[in-house]
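Just so you know, all these numbers are worked out from the coordinates, no wet-lab data involved. Everything numeric in this text was worked out from a predicted model, so none of it was measured. Glycine also receives a Cβ, built like all others from the backbone with ideal geometry; neighbour counts cover every protein chain displayed.
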Amino acid sequence: MDTKYLFVTGGVVSSLGKGIISSSIACLLKARGYRVTIQKFDPYINIDPGTLNPYEHGECYVTADGHEADLDLGHYERFTDIKTTRANNITTGRIYRSVIDKERRGDYLGKTVQIVPHITDEIKRAVKALGHSGDFDFIITEIGGVVGDIESLPFLEAVRQLRWELGDRSMVVHLTYVPYIAAAGELKTKPTQHSVKKLQELGIQPDVLVLRTEHPVPADVRRKIALFCNVAPDAVIQSVDVDTIYRVPLKMHEQHLDRIILHKTRCPEDGEPDMSRWLKFLDHMDRATDTVDIALVGKYVELQDAYKSIEEALFQAATYADRKLRLHMVHSEKVTPDNVAELLGEADAVVVAPGFGQRGIEGKFTALRYCREHDVPTLGICLGMQCMVIEYARDVLDLPEANSTEMNPQTPDPVIDLMEEQKSISAMGGTMRLGAYECRLRPESRVARAYGSQVISERHRHRFELNNDYRERLERAGMACVGENPGSHLVEVVEVPALRWYVGTQYHPEYSSTVLSPSPLFAGFMKAAIDNHTDKHTH
Ligand code: GLN
């Protein structure tokens with residue numbers, strides 16, 4: 001079967017959830033047996049979001065092949081179990097860079113290099129690049145930003161040209177917003193009409209409209225939108241707010257979005273999508289009545305998307321354990337020895353978040369000491385793991401000035417230090433230890449038992465490492481280095497076996513946790529949390 005190209009655009013406002021709609025479509029097509037992938041085109045000039053701080057762009061997601069990517073790729077993987085790569089996230093910066101590199105090489109043979117056709121050709125090449133392998137029946141391309149932005153114009157021009165070239169092998173799903181004006185008691189369709197007009201002015205006729213709305217949009221209003229926008233009435237789909245994003249695929253299926261896509265692209269529609277495992281997950285969610293309280297200690301807790309993958313991994317783990325997740329966001333800068341018992345007292349377990357730099361670090365140490373001394377199940381991720389090691393070295397190894405050289409380059413006890421090969425690197429973008437690495441686990445460790453395996457592969461994003469000079473001393477003092485990279489002997493996992501669950505991972509287990517294949521490590525952590533909850537309430 002020829003590869004089909006589906007473009008997802010957005011209008012009116014940003015943050016409508018194009019990523020969720022794209023993921024839901026992919027989820028349904030995959031459940032029908034089609035081979036699907038999703039890619040995101042981001043109209044900013046950064047080469048990738050790796051250098052953006054979380055205030056700008058939420059979490060930075062990391063693909064298995066070591067690309068620092070937009071957080072929507074996290075949704076793609078969580079909804080579909082596909083593995084995305086650096087080819088699944090392209091920015092304006094990357095497009096321009098490759099055009100400029102070609103110009104410098106003389107590839108354009110003396111021509112004037114222009115946005116049309118050179119930039120748009122490069123975008124088209126990138127759109128189709130994933131198709132060359134023949135591995136996919138559908139390639140879904142989400143165009144970041146909002147129709148009408150100056151930044152997204154070259155991308156939309158490329159979509160227009162591709163629609164023309166590909167005909168039935170392509171289609172456009174446009175997402176818009178239908179606001180409810182409380183004072184008038186009415187849903188307003190005008191912003192949608194305007195945004196479709198804008199798209200039409202650019203030469204793009206959407207095939208499907210997905211209306212994001214807080215209130216159901218009545219059939220007559222949807223018909224009116226269809227009429228004004230040249231879209232078939234049954235192809236005007238509504239996406240009303242739901243309690244969890246994981247219901248969206250089913251909501252789309254109820255309105256036959258998957259079938260409409262198959263008809264439009266002339267693909268066989270063979271029965272119904274097999275959503276049985278997905279439904280089982282939702283079933284766990286609906287059945288859960290008891291709660292589990294998890295505290296997440298980090299410095300970006302006030303931002304909605306900064307710890308997206310961790311939140312989703314926790315939610316998946318709690319759901320499969322038939323618990324409702326109550327997540328308490330604890331600002332690491334606010335944690336002090338005086339208030340730590342109050343801030344963490346209710347938590348059944350604590351996650352100490354990844355991060356960079358000094359800010360909030362003391363609060364992480366304080367939280368960790370409290371958890372260690374009170375045997376609260378704890379998971380330290382990346383910087384969280386490094387803080388575990390530092391706190392342990394300070395208190396148990398009696399090295400009061402132990403630190404990471406990231407925080408204090410002059411520390412007499414650099415228990416966390418830069419890797420040798422990182423020392424000469426000065427460029428910021430894409431230069432960390434990134435992507436999936438193999439890790440060997442000690443068979444008797446908690447972590448190996450959680451994974452049910454002694455060889456795992458998880459994704460990394462950091463520059464600093466546990467300093468092997470301190471490894472023996474840590475081991476002797478009760479902090480076991482139970483996970484190691486087989487080639488470099490870098491320590492990837494520490495745990496304190498004397499405690500019920502005190503585990504730190506240099507890698508980020510959250511990136512590989514999906515709805516249909518949730519992280520075993522988070523499952524192990526969640527079990528410890530629930531056991532702690534049970535103990536607390538029976539004593
Ligand atoms: N700042 C630490 C490092 O670079 C940890 C990074 C992280 O938590 N992702 O090693």
List, in the order given, every pair from K4/K198; K4/K128; K30/K128; K83/K299; K308/K364 whose Cα-Cα distance in the structure shown is over 22 Å.
-> K4/K198; K83/K299
Listed residue (L343, L227, M275) projecting farthest to the positive dipole end of the chain, Cβ model | L227
Taking the alpha-carbon centroid of each part, what is the distance from the stretch 250-291 to the stretch 444-465 in angstrom?
-> 33 Å
For the stretch 206-261, what's the relative contact order in percent, using C-alpha pairs closer than 8 Å and at least 6 residues apart?
-> 38 percent
For S453 and S98, what does the FRET efficiency come to when R0 = 45 Å and r is the distance between their Cβ atoms, rounded to the nearest 0.05?
-> 0.70
Give, in nm to one decimal, the length gained when the segment between A219 and A182 is fully stretched (0.36 nm per residue of separation minus the Cα-Cα distance).
-> 11.3 nm
Residue-by-residue Karplus 3J(HN,Hα) for the stretch 517-525, coefficients 6.51, -1.76, 1.60, Hz, glycine and proline x = 9, x, 5, x, 5, 5, 5, x, 4
Treating only the Cβ atoms of Lys and Arg (+1) and Asp and Glu (-1) as charged, compute the dipole magnitude of the chain about its Cα centre; round to the nearest 20 debye.
-> 1600 debye
May I ask you to sort V351, V127 by Cβ crowding, counting other Cβ atoms within 10 Å and putting the fewest first?
-> V127, V351
Exposure proxy check: S512, S276 ranked by fewest other beta carbons within 10 Å?
-> S276, S512
Output row, site K324, 7 Å Cα→C-beta label point, backbone N cut-off 11 Å, window the stretch 273-288, residues 286-288
DSSP bridge orientation in the chain - percent antiparallel, rounded to nearest 5 = 35 percent
Contact order relative to length for the chain, counting C-alpha pairs under 8 Å separated by 6 or more residues, stands in percent at 15 percent
Under 16 Å by backbone N from the virtual spin label 7 Å along Cα-to-Cβ at D469, the residues of the stretch 387-414 are 390, 393-394, 399-414
How would you rank E333, E186, E492, going from fewest to most other Cβ atoms within 10 Å of each one's own Cβ?
-> E186, E333, E492
Taking 7 Å along the Cα-to-C-beta vector as the label spot, tell me the V113-H489 distance in nanometres, rounded to one decimal.
-> 4.7 nm
Multiply the residue separation of K527 and A477 by 0.36 nm, subtract the distance between their alpha-carbon atoms, and state the gained length in nm to one decimal.
-> 15.4 nm
Would you mind checking which residues have amide H under 5 Å from G10's amide H? H placed 1.01 Å from N; only 5 or more apart, or other chain.
-> V147, L175
State, to one decimal in nm², a quarter of the convex hull surface area for the C-alpha atoms of the stretch 73-210, i.e. the direction-averaged projected area.
-> 10.9 nm²
Relative contact order (percent) for the stretch 474-513, with alpha-carbon contacts under 8 angstrom and 6 or more residues of separation?
-> 28 percent
Any idea what angle helix 18-31 forms with the longest principal axis of the chain, computed on alpha-carbon atoms, 0 to 90 degrees, nearest 10?
-> 90 degrees
Among 321-327, 424-430, 470-476, how do they line up from the highest to the lowest mean number of other beta-carbon atoms within 10 Å?
-> 321-327, 470-476, 424-430
Gyration tensor over alpha-carbon atoms, the chain, equivalent ellipsoid semi-axes in Å = 43, 28, 20
At 7 Å along the Cα-to-beta-carbon direction for both D2 and R287, put a label point, then send me their distance in nm to one decimal.
-> 4.6 nm
